[in-house]
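Contents: one structure, followed by commentary.
The values are calculated or read from the model by the stated rules, or taken from the named source; none is laboratory data. Note that the coordinates shown come from a computational prediction; the quantities given were computed from them, not determined experimentally. Reconstructed Cβ throughout: ideal geometry from the backbone, glycine too, with neighbour counts over all protein chains shown. We work out accessible area using only protein heavy atoms, side chains counted, and drop any ligands, DNA or RNA first. Shrake-Rupley method; radii C 1.70, N 1.55, O 1.52, S 1.80 Å.
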Amino acid sequence: MQQVRRQGPAGAVVTALALLLGCSSSSPTPPPGGWWRGQTAYEIFVRSFADSDGDGVGDLPGLVDHLDDLNDGDPATSTDLGVAAIWLMPIFPSPSYHGYDVTDYRAINPQYGTLEDFKALVAQAHRRGIKVILDMVLNHTSSQHPWFLDSRQGAGAAQRDWYVWSATDPGWQAPFSGAPAWHPLGSGYFYGVFSDTMPDLSLQNPAVEAELVAAMKFWLGLGVDGFRLDAVRYLVESPGGGLEDQPATHALLARLRATLLQDYPETLLVAEAWATTSTVASYYGRGDEVQLAFSFDQAEAVKRAVANGQASTALSALGAIEEALATRDRGFQAPFLSNHDQVRALRAMGGEPAAARVAAALLFAQPGTPFVYYGEELGMQGGAAADDRNKRTPMRWSATPGDTFGFTTGTPWLAGSEAAGVDVATQRPDPASLWNLYRRLIALRQARPALSAGGVSFPVVSGGGAGALAVLRGSGTVRVVLVANLSATASGPFTVAVAGAPGVLESDGLAGAPTGSGSQLAIPGLAPRGFAFLSLD
């Protein structure tokens, strides 16, 4: 995407796109409705979160033991993050450590516990006001799933048409890797866009759709509140070789939503459509497909901008997002910084603690429902190697290496290394910690409708250097503005082209009291990677 450029020296104004975006709110205020509005969700890899029995593998009882750290149900306390939902990466039986190749859609991975343990988790989460979102892998199963074991028996198998078979190799390649998408087996070839251990289901087969819907209703009947839908771009493939974003995929999602919401009207569907925002926006449909979709462009823009210290990097991408989503309910976006498939955010930004803080501020200034990856609130960086397991290392609860930092009393399934102080026990009592910053930002977003439901624009900034930017949320007299300095050097004074009497809601490195005069705010300066949320009510 083309980046906004600044003219001349540090005191010049942002041009072109920023001027355009600074004129007015770019989208209407989203309508009310949906328990996720104004809330923050938290992604958990159960295997790496908390182990209750000392076998080195995280489990559901271990997660229950730490629910109070996420939300204790009492808004008056300050010892929990205050998240309103947890998204659990796959917890179904699977031959892999990650669980994205399912062998049974209606059971719990025995390494994580039992169905009774899951029921207890849902009950305890709901007691605290925490909703539960399950990862649902609709595109494919494990090659060890009983359905596929039947399907592979030949053309006469009862579930042969539950998967996609061909007598010859059509030669399709996975669009994200170029790897072969058809795999030889017996006298034919089966389609598996991700690998030969993950055969794609034939989602145009009504029997398959009905079985998957029944499985989702099974979990909804146990109290589950929603589903993160994995790899939605690839659900239906066309005979001509169109492997992504097919009309039949959109039709399937619309049917799925209508069917589920008929019996469970509060069900949330969150799409993983890893693509540019213009493609992600298509999964809004006519407002009848998914209610939320992860914003990959936003995540990358924030990390790149913080890493290079250039506000223009963020403004260019965030402006393009506003254009792509202008006709959608603006609450459709699910902003985030990193997830289980990506290098952890702080590592991607060079490891500087201040970078994590200003990135968090930018995250919570975005429209939609933010998602936080477990440990991100501590500044966990994970491992440096490319293996995905290094993005999913065990959570740090205590400061004591002897008990593997509170994760397990045994030998952890995966070793991890983090800097001293990157743990809950150290950061929770420290008001200046990253953990406490996340806690305050989550509370701020809940308390301020301008942040949770308001429009968004990017007022023109004059002065302050290449890292200075502003994000205006809300409309009318209900407004909040984030001012930030993405640079690794102090900003110096700057002005923001927005009227109002500023009141400081949360700040990090603000050089003095901001003031308002006429149509401008005067910001006395921000420390390297400093920021401030200001009310303009």
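Can you confirm whether L346 is in contact with a strand residue (DSSP E or B) (Cβ under 7 Å, 6 or more places away or on another chain), part of a helix (DSSP H, G or I) and of a type in the set (A, V, I, L, M)? Outline the logic, then answer.
Working: in contact with a strand residue (DSSP E or B) (Cβ under 7 Å, 6 or more places away or on another chain): no; part of a helix (DSSP H, G or I): yes; of a type in the set (A, V, I, L, M): yes.
So L346 fails the test.
In segment 380-391, what residues are open to solvent by 10 Å² or more (accessible area, probe 1.4 Å) and modelled with pLDDT of 95 or more? Even if it seems obvious, please write down each step before you answer.
Going through segment 380-391, the residues open to solvent by 10 Å² or more (accessible area, probe 1.4 Å) turn out to be 381, 383-391.
Within segment 380-391, Q381, D388, R389, N390, K391 meet the criteria.
Taking E237, is it among the acidic types (D, E), part of a helix (DSSP H, G or I), out of contact with any strand residue (DSSP E or B) (no Cβ under 6 Å at 6 or more places or on another chain) and closer than 28 Å to Y284 by Cα?
When the stated conditions are applied, E237 does not pass them.
Starting from segment 405-434, take each residue that is at positive phi and crowded, with 16+ Cβ neighbours inside 10 Å and list its partners that are among the small types (G, A, S) and part of a loop (DSSP other than H, G, I, E, B), counting only C-beta distances under 7 angstrom and pairs at least six apart or across chains.
Cβ pairs passing all conditions: F405/S398; G406/S398.
Within segment 62-103, track down each residue that is part of a loop (DSSP other than H, G, I, E, B), within 21 Å of the chain's Cα centre (by Cα), under 13 Å from R439 (Cα atoms) and not acidic (D, E).
N71, L81, G82, V83, A84
Here are A527, A484: which of them is over 27 Å from the mean Cα position of the chain (by Cα) and part of a strand (DSSP E or B)?
Working: A484 fails: over 27 Å from the mean Cα position of the chain (by Cα).
Result of the check over A527, A484: A527.
Mind listing whichever residues of segment 458-494 are polar (S, T, N, Q) and modelled with pLDDT of 95 or more?
First, pick out the residues of segment 458-494 that are polar (S, T, N, Q): 462, 475, 477, 485, 487, 489, 491.
Those that are polar (S, T, N, Q) and modelled with pLDDT of 95 or more: S462, N485, S487, T489, S491.
Can you tell me which residue in segment 286-318 is surrounded by the fewest Cβ atoms within 10 Å (Cβ to Cβ), limited to those that are assigned to a loop (DSSP other than H, G, I, E, B) and among the charged types (D, E, K, R)?
To start, the set of residues in segment 286-318 that are assigned to a loop (DSSP other than H, G, I, E, B) comprises 286-291, 295, 309-310.
Checking the rest, the ones that are also among the charged types (D, E, K, R) come to 286, 288-289.
Details: R286: 7, D288: 14, E289: 25.
Out of the qualifying residues, it is R286.
Among the strands (runs of 3 or more DSSP E) confined wholly to segment 123-203, which include 3 or more residues that are closer than 30 Å to L63 by Cβ and not hydroxyl-bearing (S, T, Y)?
Working: elements: 131-136, 182-185, 188-191.
In segment 123-203, the matching strands (runs of 3 or more DSSP E) lie at 131-136.
Report the residue count in segment 443-471 for those that are over 24 Å from T327 (Cα atoms) and out of contact with any strand residue (DSSP E or B) (no Cβ under 8 Å at 6 or more places or on another chain).
The total comes to 3.
Which count do you get for residues in segment 486-537 that are in contact with a Phe, Trp or Tyr (Cβ under 7 Å, 6 or more places away or on another chain) and surrounded by 22 or more Cβ atoms within 10 Å (Cβ to Cβ)?
Total satisfying the criteria: 1.
Look through E209, E244 and report the one residue that is at pLDDT 95 or above, in contact with a helix residue (DSSP H, G or I) (Cβ under 6 Å, 6 or more places away or on another chain) and either surrounded by fewer than 18 Cβ atoms within 10 Å (Cβ to Cβ) or of a type outside the set (A, V, I, L, M, F, W, C) (or both). Give the derivation first.
Numbers: E209 fails: in contact with a helix residue (DSSP H, G or I) (Cβ under 6 Å, 6 or more places away or on another chain).
Checking each option against the conditions leaves just E244.
For segment 435-467, which positions are among the β-branched types (V, I, T) and either in a helix (DSSP H, G or I) or open to solvent by 10 Å² or more (accessible area, probe 1.4 Å) (or both)? Give the derivation first.
We begin by selecting, within segment 435-467, every residue among the β-branched types (V, I, T); these are 442, 456, 460-461.
Answer for segment 435-467, where residues must be among the β-branched types (V, I, T) and either in a helix (DSSP H, G or I) or open to solvent by 10 Å² or more (accessible area, probe 1.4 Å) (or both): I442, V460.
Yes or no: P170 touching a residue at least 24 places away in the same chain (Cβ under 8 Å), within 21 Å of D341 (Cα to Cα) and open to solvent by less than 80 Å² (accessible area, probe 1.4 Å)? First the steps, then the outcome.
Values: touching a residue at least 24 places away in the same chain (Cβ under 8 Å): yes; within 21 Å of D341 (Cα to Cα): no; open to solvent by less than 80 Å² (accessible area, probe 1.4 Å): yes.
Here the answer is no, as P170 does not meet what is asked.
Mind telling me which of the residues V122, V137 ends up being crowded, with 22+ Cβ neighbours inside 10 Å, within 22 Å of F227 (Cβ to Cβ) and aliphatic (A, V, I, L, M)? Please lay out each step first, then the result.
Values: V122 fails: crowded, with 22+ Cβ neighbours inside 10 Å.
That would be V137, the only listed residue that is crowded, with 22+ Cβ neighbours inside 10 Å, within 22 Å of F227 (Cβ to Cβ) and aliphatic (A, V, I, L, M).
Please work out if G58 is in contact with a strand residue (DSSP E or B) (Cβ under 9 Å, 6 or more places away or on another chain) and either at pLDDT below 95 or farther than 29 Å from R37 by Cβ (or both).
Details: in contact with a strand residue (DSSP E or B) (Cβ under 9 Å, 6 or more places away or on another chain): yes; either at pLDDT below 95 or farther than 29 Å from R37 by Cβ (or both): yes.
Answer is yes for this residue.
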